[in-house]
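The values are calculated or read from the model by the stated rules, or taken from the named source; none is laboratory data. Quick caveat: nothing in here was measured; it's all calculated off a predicted structure. Note that we place each Cβ from the backbone using ideal geometry, even for glycine, and neighbour counts take in every protein chain shown. Heavy atoms of the whole protein, side chains included, go into the accessibility calculation; ligands, DNA and RNA do not. Shrake-Rupley method; radii C 1.70, N 1.55, O 1.52, S 1.80 Å.
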Amino acid sequence: MTAADFVVVANRLPVDRVEGPDGEEVWRTSPGGLVAALEPMMRNVRGAWVGWAGQADVEIAPFEADGIELVPVALSAQEVAEYYEGFANDTIWPLYHDVIAPPQYHREWWEAYVTVNRRFAESAAAAVAEEGTVWVHDYQLQLVPQMLRELRPDVTIGYFHHIPFPAHGLYAQLPWRDQVLRGLLGADVIGFQRAQDATYFLTAVRRRLRYEVKGPNVSVPEGEGTRMALARAFPISIDTTPYLELAAREDVRARAAEIRASLGNPKRILLGVDRLDYTKGIRHRIKAYGELLADGRLNVEDVTLVQVASPSRERVDAYVHLRDEIELAVSRINGDTDTMGHSAIRYLHQGYPREEMVALYLAADVMLVTALRDGMNLVAKEYVATRVDDRGVLVLSEFTGAADELRQAVRVNPHDIEGLKDAIMTAVEMPPAEQGRRMRSLRRRVLDNDVNAWSSSFLAALSEVRGR
Ligand code: GDG
């Protein structure tokens, strides 16, 4: 393995192990936005990606896929349970999403988090060339920047946080709050989704560590002196190209028409697309919609809500309960309101290929994004990107990062069920001219600020900070 000039470190490698044509196991690149954003650059320089391959208890040697060196980090089944499902997804995830679900604090989970973060840092340290750059991603790896800096002070380190950072009053609950702040401050640039997240982080740094903070700059003590770290917002976006291409494809457009027909050609199709997660406000959305049907403001013959809830974190208790709650609510509403020909909610606990997702976006008159807290919410941006005819309405929670940018959406506070009902009615009844005016502005925003703009601005800030 040759040393890489640019190394991405993320919990997961951008590949999945799947069955090949002859029944053998092969690697398939997973089509995430992050890979799409970084791929061109990783081909131009010597690039490597450090991450877990998604299977416990297997040691896999580094290998190359599509011109990128992939460096698997091995995790035992117990580490998956304690570091990933435990500390990352049952401590940090609920705490950072404003304790929508109660965070669990367990010392052995924290210990596993430290151990696994060190393993990722060591792996990155071994992969990166002299004076190279390492870009660490997300809340599973908050200690990696500092651990890596100790191992390799010559390296430029960036960190991007994909989820919210909580207000200090909540953050202060974390028993290891100071260690996590120090871990993050090992980076030269710490990127957040929203200006508010960066502000909360800087407040925590000032109040807990008492480091000097001026605007977005932190003076981090190092040796005898200090080093500057920059913390600010870099709102992530999508790779718009595949969405535009799919939205223009005849077969995808035909599939959208077929979806409408198979739902009985209702006057309005409402759509929700989420990982089945308690942060996404799926219950609130279903409650509001169910009440609109019960109140007679919507008629089941005229509307259908399609809810794709892709399976997620099925071994974490909070997710098991959530699934039960949602499925009970859906079947109650359907049981109370369906007719032989029309269903109120078409609920799909399944994952779909991207072609089908785009066909759904094209079929939907109204997109419902009602997250209670969400770092960005890429689904909102994907919907907008595919609406090539400038029709359709986005209902968007103000608690998403996307709400900072997508100002022409119908904004909602999902906790306010009456307000949410009114917002759904506004969307369902919006005249075409008004839809067009809003959608044109939303589309300009998303097409001008795509994922390439995001990664370029982050990397530009990184080289600037390192150069000063
Ligand atoms: C985290 C933060 C932040 C979903 N179901 C299927 C499917 N998806 C795709 C969507 C979208 C992605 O998954 C979900 O991204 P989101 O941004 O909506 O949400 P999280 O998964 O929670 O992501 C979030 C993001 O990181 C990036 O920084 O925006 O706030 O929580 O792309 O389309 N894709 C396919 N089939 C499915 O069934 N193909």
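Values as computed for the structure displayed
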{"item": "Of all residues making up segment 334-349, the number that are over 19 Å from Tyr278 (Cβ atoms) and without any contact (Cβ under 8 Å) to a residue 60 or more places away in the chain", "result": "8"}
{"item": "Segment 330-352, subset exposed (fewer than 14 other Cβ atoms within 10 Å of the Cβ) and among the hydroxyl-bearing types (Ser, Thr, Tyr), residue nearest to the ligand (Cβ to nearest atom)", "result": "Ser331"}
{"item": "Test set (1) open to solvent by less than 40 Å² (accessible area, probe 1.4 Å); (2) farther than 17 Å from Val50 by Cα - Val80 fails condition number", "result": "(2)"}
{"item": "Candidate set from segment 263-296 (those that are within 16 Å of the ligand (Cβ to nearest atom) and among the small types (Gly, Ala, Ser)); member that is farthest from His97 (Cα to Cα)", "result": "Gly272"}
{"item": "Unique match (being away from the ligand (no atom under 16 Å from the Cβ) and open to solvent by 30 Å² or more (accessible area, probe 1.4 Å)) among Leu170, Leu143", "result": "Leu170"}
{"item": "Unique match (being within 16 Å of the ligand (Cβ to nearest atom) and among the charged types (D, E, K, R)) among Glu355, Glu325", "result": "Glu355"}
{"item": "Any hit, segment 365-385, residues being over 25 Å from Ala403 (Cβ atoms) and within 19 Å of the chain's Cα centre (by Cα)", "result": "no"}
{"item": "Residue within segment 417-429 that is within 16 Å of the ligand (Cβ to nearest atom), buried (at least 16 other Cβ atoms within 10 Å of the Cβ) and of a type in the set (D, E, K, R) present", "result": "no"}
{"item": "Residues (modelled with pLDDT of 95 or more, in a loop (DSSP other than H, G, I, E, B) and either of a type in the set (A, V, I, L, M, F, W, C) or surrounded by fewer than 20 Cβ atoms within 10 Å (Cβ to Cβ) (or both)) located in segment 280-320", "result": "Asp295, Gly296, Arg297, Leu298, Asn299, Val300, Glu301, Asp302"}
{"item": "Among (1) closer than 22 Å to Trp109 by Cβ; (2) within 16 Å of the ligand (Cβ to nearest atom); (3) surrounded by fewer than 19 Cβ atoms within 10 Å (Cβ to Cβ); (4) not hydroxyl-bearing (Ser, Thr, Tyr) - the single one Gln196 does not satisfy", "result": "(1)"}
{"item": "Residue within segment 202-210 that is under 25 Å from the mean Cα position of the chain (by Cα) and within 21 Å of Phe120 (Cβ to Cβ) present", "result": "no"}
{"item": "Filtered residues of segment 28-83 (kept if within 19 Å of Ser123 (Cα to Cα), in a strand (DSSP E or B) and without any contact (Cβ under 8 Å) to a residue 40 or more places away in the chain)", "result": "Phe63, Glu64"}
{"item": "Candidate set from segment 211-238 (those that are in a strand (DSSP E or B) and over 30 Å from the mean Cα position of the chain (by Cα)); member that is farthest from Ala37 (Cα to Cα)", "result": "Gly225"}
{"item": "Filter result for Ala371 (of a type in the set (Gly, Ala, Ser), near the ligand (Cβ under 8 Å from one of its atoms), open to solvent by less than 60 Å² (accessible area, probe 1.4 Å) and assigned by TED's automatic domain parsing to the domain that holds Glu258)", "result": "yes"}
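Yes/no matrix, rows are residues, columns are (1) under 22 Å from the mean Cα position of the chain (by Cα); (2) open to solvent by 30 Å² or more (accessible area, probe 1.4 Å):
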| site | (1), (2) |
| --- | --- |
| Gly86 | yes, no |
| Thr91 | yes, no |
| Ile100 | yes, yes |
| Tyr105 | no, yes |
| Thr115 | no, yes |
| Arg119 | no, yes |
| Ser123 | no, no |
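For every residue, the table says whether it meets (1) touching a Phe, Trp or Tyr at 6+ places or on another chain (Cβ under 6 Å); (2) under 27 Å from Trp454 (Cα atoms); (3) surrounded by 14 or more Cβ atoms within 10 Å (Cβ to Cβ).
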residue: Val18; (1), (2), (3): no, no, no
residue: Gly47; (1), (2), (3): yes, yes, yes
residue: Ala53; (1), (2), (3): no, yes, yes
residue: Ala65; (1), (2), (3): yes, yes, yes
residue: Glu69; (1), (2), (3): no, yes, yes
